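The values are calculated or read from the model by the stated rules, or taken from the named source; none is laboratory data. The structure presented is a predicted model; accordingly, all values stated were derived computationally and were not measured. Cβ placement follows ideal geometry from the backbone for every residue including glycine, while neighbour counts extend to all protein chains displayed. Accessible surface is based on the protein model in full, side chains and every heavy atom, while ligands, DNA and RNA are left aside. Shrake-Rupley method; radii C 1.70, N 1.55, O 1.52, S 1.80 Å.
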Amino acid sequence: MTQKKIIITGGGAAGMMAAGRASEKGARVVLLEKMARTGRKIGISGKGRCNLTNSAELTDFLSHFGKNGRFLRQCFNHFFTNDLTSFFEERGLSLVRERGGRIFPKSGRALDVVKILNEWLVNGKVEIQLNSPVSKLLTKNGHISGVVCRGKTIPCKAVILATGGKSYPRTGSTGDGYRLASSLGHTLTPIRPALVPLVPEKKDLLTLAGLTLKNVNIRLIVNGRRRKTGFGELSFTDSGISGPVPLSMSGFIVDSLRQGDKISMAIDLKPALDDRQLAKRLIRDFEKRRGEPISSILRGLLPRQLVDLCLETCGISPDIDTHTFPAAKRKKLTAWLKNFQFALTGYRDFDEAIVTAGGVKLAEVDPRTMESKLVKGLFIAGELLDIQADTGGFNLQAAFSTGWLAGTEAAHALKK
């Protein structure tokens, strides 16, 4: 006889929240996690600090998900930022808000978040089975009837599929959930890396690894036309271009590159000065520091790592006499400082992507319950859904919220 219990597949943000909530609502819950411990992806999120959520108002919050954000409106009406922060604060976790509305544990430790969630599940009598990958979902007459785990059939009345996407596969997110969902007829929007470092055409830019540019204007040029702009921080790494602004633009860039567009990134290194003001600044510096090498003078305008690249690109000799600096060279230098541009030809793989774009089509999931419209008793939550947002805590809030709603509604379904 099929037992009246809920099986949660995946012990990440969505899965743990779903399990704890369903147990709170009186359901018997079994959480199956393929790795040796739960919450591994939470533990490395936000560079180990865990950007839990964002303080943005609902409309602004949803805008960070693009057109698919409206799917989350009903979910967020049930469990949103204030609910999530209260959840953790009531369990002893102090939180702090940082620039851009980002909310972190005050301790700066993502593992404190994992600890609280695990304690909540244990206290709620959730049965946690580790090293337990689900290989198959079972149905009977269009309704979930069980799962196959490690070769054994486990009967149940409901399944919450929360296995995560394909990003950071070493944490267990290897795309299993996409296969499981599609095996029951769900349609998948093609998955691809998102919030992912970008690869420049010129490999000499990789020598800038470790350099971070702050308070710069960034423009995306697609097929010769400006398409997106951003202001903030950009970092050069030994594998590409990263930082908050490039990462937020990366979803658009990945899709553009996949369809064959030509993309360049242009950086205004001195956004506080217009061209005329910058030219006057250069003339004043040349006069004031006449006789000094231009590389030394440029250190007042640029990080050390960029000086040689600037001079080489502009065709300016490091030994040039700044007292008689040619006007044409000065114009070229001004233009470069306002438009440091390079082509982008690729992006890194899922190993370095923060989230996965694409996933289970939203039209096949009820936004009021997170239940599948194709299979009764199947609920889908978290990164498996075709929802992804900018950096800033938005994606993790979506995982917790969809998990909370799925757990609530799955427990209600059992009572019926």
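Residue count for region 117-154 under the criterion of being without any contact (Cβ under 8 Å) to a residue 40 or more places away in the chain, surrounded by 14 or more Cβ atoms within 10 Å (Cβ to Cβ) and either charged (D, E, K, R) or in contact with an Asp or Glu (Cβ under 6 Å, 6 or more places away or on another chain) (or both): the result is 0.
Here is a check on your reading of the model: is Pro105 touching a residue at least 12 places away in the same chain (Cβ under 8 Å) and either closer than 30 Å to Asn82 by Cβ or open to solvent by less than 20 Å² (accessible area, probe 1.4 Å) (or both)? Considered against the rule, which asks whether it is touching a residue at least 12 places away in the same chain (Cβ under 8 Å) and either closer than 30 Å to Asn82 by Cβ or open to solvent by less than 20 Å² (accessible area, probe 1.4 Å) (or both), Pro105 comes out as yes. Close contacts from region 1-25, counting a first residue that is farther than 24 Å from Gly46 by Cα and among the small types (Gly, Ala, Ser) and a second that is open to solvent by less than 10 Å² (accessible area, probe 1.4 Å) and at pLDDT 95 or above, with Cβ to Cβ under 6 Å and a gap of 6+ residues or different chains, come to Ala22/Ile6; Ala22/Val29; Ala22/Gly407; Ala22/Ala410; Ala22/Ala411; Ser23/Val29. Among residues belonging to region 351-366 that are surrounded by fewer than 17 Cβ atoms within 10 Å (Cβ to Cβ) and part of a loop (DSSP other than H, G, I, E, B), point out the one that is farthest from the chain's Cα centre (by Cα). Restricting to residues being surrounded by fewer than 17 Cβ atoms within 10 Å (Cβ to Cβ) and part of a loop (DSSP other than H, G, I, E, B), the top hit is Asp366. The residue list Ala381, Ala343, Ala411 contains one member that is surrounded by fewer than 24 Cβ atoms within 10 Å (Cβ to Cβ) and under 17 Å from Cys75 (Cβ atoms), which is Ala411.
The set of residues in region 156-175 that are under 16 Å from Lys136 (Cα atoms) and either open to solvent by 40 Å² or more (accessible area, probe 1.4 Å) or touching a Cys at 6+ places or on another chain (Cβ under 8 Å) (or both) comprises Lys157, Thr174. Kindly indicate whether any position in region 390-397 is surrounded by fewer than 24 Cβ atoms within 10 Å (Cβ to Cβ) and over 30 Å from Met265 (Cβ atoms). No: region 390-397 contains no residue that is surrounded by fewer than 24 Cβ atoms within 10 Å (Cβ to Cβ) and over 30 Å from Met265 (Cβ atoms).
Of the helices (runs of 4 or more DSSP H) that lie entirely inside region 30-83, those containing 1 or more residues that are over 26 Å from Glu352 (Cβ atoms), of a type in the set (Ser, Thr, Tyr) and open to solvent by 30 Å² or more (accessible area, probe 1.4 Å) span 58-63.
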